[in-house]
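Presented below is the structure to which this report refers.
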Amino acid sequence: MKLYHHPISGHAHRARLFLSLLGLDHELIVVDLLQGEHKSPEFLKLNPFGQIPVLDDDGTVVSDSNAILVYLAKKYGRSDWLPEDPSGAAAVQRWLSVAAGQIAFGPGVARLINLVEVPFRKEEVIPRSHDILTKIEAELEGRDWIASEGAPTIAEVALYSYIASAPEGDVSLEPYPRIRAWLARIEALPGFVGFQKTPIGLAA
């Protein structure tokens, strides 16, 4: 398997993290985002949307970070990470949507503002980030994992990267002790691989 990624991309880190948690052999291929390699004709053949990550599994090409998580869980029969029962699967899907929505456009964008020039306003993004983090903090009351009471799921993998790096976007995690404990539980999982740290924002 080949994973086309970039170390500063939280979306790409989701896919890399899950490959590592599953102990799957894979080759990491860095896509040079600053040079526009993700918009090159060669890369657009892999993903017409021009986005990373992309997984090439011996000719089966899967793009979109959450789609890659689902693909890997299904291919390897890992119902521990993606439940098969309707309520369990729905609980995970709920948080995949949050990862693609409020987390990506909250803490993810807040961090991006400090990394590169993007047309977003911190005075809007940071309060939006705290709004979703407050909701997640409440969800974690009395439980170790966000979508399942007994074990981590791909919901953890999808949410982790941009929440862990939230301080890089000037979004403090100090008000959220349950989230910080949850992050530590994820980081203690066998096969965990961290998201590259950038000394910006509150993490400078």
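For Ile8, the accessible surface of its heavy atoms amounts to roughly 60 Å² (probe 1.4 Å, protein chains only, rounded to the nearest 10).
Pairs to check: Lys39/Lys197; Lys45/Lys135; Lys2/Lys39; Lys135/Lys197; Lys2/Lys135. Give those whose C-alpha atoms are more than 30 Å from each other in this structure.
Details: Lys39/Lys197 25 Å; Lys45/Lys135 39 Å; Lys2/Lys39 18 Å; Lys135/Lys197 25 Å; Lys2/Lys135 36 Å.
Long pairs (Cα-Cα over 30 Å): Lys45/Lys135; Lys2/Lys135.
Please sort 129-137, 79-87 by packing, taking for each peptide the average over its residues of neighbouring beta carbons within 10 angstrom, highest first.
Packing proxy ranking, top to bottom: 129-137, 79-87.
Over all other residues within a Cβ to Cβ distance under 11 Å of Ala73, the charged ones net out to +1, with Lys and Arg as +1 and Asp and Glu as -1. Largest GNM mean-square fluctuation across Gly106, Gly150, Gly50, computed for the chain with C-alpha springs under 10 Å, falls on Gly150. Between Val30 and Lys2, the modelled labels are 1.7 nm apart [label points 7 Å from Cα along Cα→Cβ].
By its C-alpha gyration tensor, with a ≥ b ≥ c as the square roots of the eigenvalues, how is the chain shaped: rounded for a/c under 1.5, else prolate for a/b larger than b/c, else oblate? Oblate is the answer for the chain, as a/c is 1.5 or above yet b/c matches or exceeds a/b.
The values are calculated or read from the model by the stated rules, or taken from the named source; none is laboratory data. Note that the structure is predicted; figures quoted are calculated from it, not measured. Note that we place each Cβ from the backbone using ideal geometry, even for glycine, and neighbour counts take in every protein chain shown. Each accessible area value is taken on the protein alone, full model and side chains, heavy atoms only, with ligands, DNA and RNA left out. Shrake-Rupley method; radii C 1.70, N 1.55, O 1.52, S 1.80 Å.
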